[in-house]
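Notes follow once the structure below has been shown.
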Amino acid sequence: MEYHFRPVMAGDSPAILSIFNHYVEASYAAYFEDRVDESFFTTLSHMTSGYPFYVIEMPEAQIAGFGLLHRYHPARAFKRTAELSYFISPSLTRRGLGTKIAEPPHPRSQPNGH
């Protein structure tokens, strides 16, 4: 399977929201009870400030999924701890994409230069 990782761009919002909303409606993985809108993409962008926020892009610019790191907790004791979240398009699960997002060592797993 051919794919690459790249940083999220504003134009990725519809694909990211579509993937995330699938999990809102079909599972408990997203922790939301109702579909999210464009404001959620803005929230994700702010939440990941200083941390990696990537999409998995397939040929022809199809977004296969996205992954992000964000600060785990605001307490200073956790300043070097981040939480990884990722969601894969339901038609592309079970192909190892989630493993690739989480696989260290990789620059994506080095938030804020740590």
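Throughout, read-outs are computed from the coordinates displayed, never taken from laboratory work. Remember, it's a predicted structure, so these values are computed and weren't measured experimentally. Virtual Cβ from ideal backbone geometry, glycine too; neighbours counted across all protein chains shown.
Among P14, Q62, A75, whose Cα sits farthest toward the positive end of the charge dipole of the stretch 4-113 (+1 at Cβ of Lys/Arg, -1 at Cβ of Asp/Glu, about the Cα centre)?
So the residue we want is A75.
Can you tell me the equivalent ellipsoid semi-axes for the stretch 4-113? Use √(5λ) from the Cα gyration tensor, largest first, whole Å. Present the calculation step by step, with values, prior to reporting the outcome.
Values: eigenvalues 92, 60, 37 Å².
Gyration-tensor ellipsoid for the stretch 4-113: 21, 17, 14 Å.
Taking other Cβ within 10 Å of each residue's Cβ, how do V36, V55 sort, fewest first?
Neighbour counts put them in this order, fewest first: V36, V55.
Tell me, what is the percent relative contact order of the chain, built from C-alpha pairs under 8 Å that lie six or more residues apart?
On the way: 148 pairs, mean separation 27.4, N = 114.
Relative contact order here is 24 percent.
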